[in-house]
Amino acid sequence: MHRFFGMLLGLALASPLAAIASPPALSLTVAKAAVVKDDANGAQRLDVELADASRDAFANFTESHVGKRVSLRANGKTLTTVTVQSPITEGKLTIDPGQGRYGLTPAELEKLAQRLGSGKEPIEVVEKAAD
């Protein structure tokens, strides 16, 4: 009896914690995406313009997440994790997913830009749990 009660208590405690640890992702539709070269360091980055509805949703999200860390993902892969400094209301993002061993190759970055720019693949934004 005590063992069964302990299992139930464990499940009851774990369930709310799992819900807190995994906030839902905000899915954003991209209107335009292009790979551009940074003039300062020569590295490639991804410039993204969100579709109108996603621009508004992202503005609301960033407004409520100032000071918090968020991750931007595409196709299940984290592109970058940043701290929101201020609301982003214009729907334009510059994403530096890194290059080489821990980032994307130039070819992978170009393919990602094409997939995102087609509107068929969203960018997901999720609050990163505190370390």
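The values are calculated or read from the model by the stated rules, or taken from the named source; none is laboratory data. Quick caveat, the model's predicted, so the values are computed rather than measured. Backbone-built Cβ (ideal geometry, glycine too); neighbour counts: all protein chains shown.
Regarding Arg3, is this residue modelled with pLDDT under 95, out of contact with any strand residue (DSSP E or B) (no Cβ under 6 Å at 6 or more places or on another chain) and of a type outside the set (A, V, I, L, M, F, W, C)? Judged against the criteria, Arg3 is a match. Put simply, of Val125, Val84 the only residue that is within 10 Å of the chain's Cα centre (by Cα) and either at pLDDT 95 or above or within 12 Å of Arg45 (Cβ to Cβ) (or both) is Val125. Among the criteria (1) of a type outside the set (Gly, Ala, Ser); (2) within 15 Å of the chain's Cα centre (by Cα); (3) at pLDDT below 85, the one Arg101 does not fulfil is (2).
For (1) more than 22 Å from Gly98 (Cβ to Cβ); (2) in contact with a helix residue (DSSP H, G or I) (Cβ under 7 Å, 6 or more places away or on another chain); (3) surrounded by 12 or more Cβ atoms within 10 Å (Cβ to Cβ); (4) of a type in the set (Gly, Ala, Ser), each residue gets a yes or a no:
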| position | (1), (2), (3), (4) |
| --- | --- |
| Ala25 | no, no, yes, yes |
| Leu28 | no, yes, yes, no |
| Ala34 | no, yes, yes, yes |
| Asp39 | no, no, no, no |
| Gly42 | no, no, no, yes |
| Asp47 | no, no, yes, no |
| Ala51 | yes, no, yes, yes |
| Arg55 | yes, no, yes, no |
| Phe61 | yes, no, yes, no |
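Of all residues in the range 79-119, those being surrounded by fewer than 17 Cβ atoms within 10 Å (Cβ to Cβ), at positive phi and in contact (Cβ under 8 Å) with a residue 24 or more places away in the chain number 1.
Working carefully through the options Gly42, Gly76, find the one that is of a type in the set (Gly, Ala, Ser), at pLDDT below 95 and within 15 Å of the chain's Cα centre (by Cα).
Working: Gly42 fails: within 15 Å of the chain's Cα centre (by Cα).
Step by step, each of Gly42, Gly76 is checked, and only Gly76 is of a type in the set (Gly, Ala, Ser), at pLDDT below 95 and within 15 Å of the chain's Cα centre (by Cα).
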